[in-house]
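A short worksheet on the structure shown next.
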Amino acid sequence: MGTATPSRIDAVEAQPKKSLTRFLPTVARVLMGALFLFAGLNGFLNFVPPPAKLPPEGAMAFSKAMMDTGYLFQLVKGTEVLVAVLLLANRFVPLALALIAPVLVNIFAFHAFLAPEGTGLAVVLLAIEIFLAWTYRAAFRPMLAMRATPSVTTREAP
C-alpha cells in the first residue's frame, strides 16, 4: 500500500475547533455598553420611575449631595453615556474601560455600604470590567510601567 495520503475527513478533523468563548469579550463589551447607556440616559431623561420603596437614609443623602453639587451627577451620567457609546461602537475600548473604572468602584462601594439591595448588579458590572481589562491587558501594559520616561521630540532650529 505505499504512503497514505490524508483524506478529506482527516483534514477537517485536524482543523482546530472554534470555541464559543471567542465571543465572550464582544458579549461582555456590548452588555456593559448597553447597561451604561440605559443607566446614563435614564439619569438625564428619567424614563424609569423611581422605586416605590425609598432607599436607605445614607443612600438618599449621598444621591442628594451629588445632585446638589450642580455638576457631579451630570458628569457621572455623561461619562456613562460616553463610555457606553465607545463600548458599543468598539472604539477606544481601553480608554472607555479606564474612564469607567472609578465610576464602577463608586457604584460598588455605594451598594456595598449604603444600598445593599443593588450589590448583585454592581458585582456583575465589576466582574465584566475586570474581564474586559484582562482581555485588553496589552493596551494597559505601557500605562502600568513602573518608570516611564516622557517622549521628547526635538525640533531643529531654523
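List, largest first, the extents of the alpha carbons of the range 13-58 along their principal axes, each in whole Å.
61, 22, 17
What list do you get for SER151, SER19 if you sort them by fewest beta carbons within 10 Å?
Fewest to most other Cβ atoms nearby, the residues stand as SER151, SER19.
Using R₀ = 22 Å, calculate the FRET efficiency as 1/(1 + (r/R₀)^6) where r is the Cβ-Cβ separation of LEU72 and ALA112; round to 0.05.
0.65
Tell me the label only: which of (i) 44, 39, 31; (ii) 85, 65, 29; (iii) 65, 38, 23 is Cα extents along the principal axes in Å as calculated from this structure?
Checking each listed value against the structure points to (ii).
Lysines within cross-link reach of LYS77: Cα-Cα under 30 Å, excluding same-chain residues under 8 positions apart?
LYS53, LYS64
If we count every other residue with Cβ under 14 angstrom of PRO25's Cβ, Lys/Arg +1 and Asp/Glu -1, where does the sum land?
Within the 14 Å Cβ shell, the charges total +2.
How do MET66, MET146, MET32 line up, fewest other C-beta atoms within 10 Å first?
Arranged by neighbour count, lowest to highest, MET66, MET146, MET32 become MET146, MET66, MET32.
Evaluate E = 1/(1 + (r/R0)^6) for SER19 and MET146, where r is the Cβ-Cβ distance and R0 equals 30 Å; express this FRET efficiency to the nearest 0.05.
Result of the calculation: an efficiency of 0.30.
Only the coordinates and a few stated rules stand behind these numbers; no lab work does. All of these numbers come straight from a predicted model, not from anything done at the bench. FYI the Cβ positions are ideal-geometry reconstructions off the backbone, even for glycines, and counts take in every protein chain you see.
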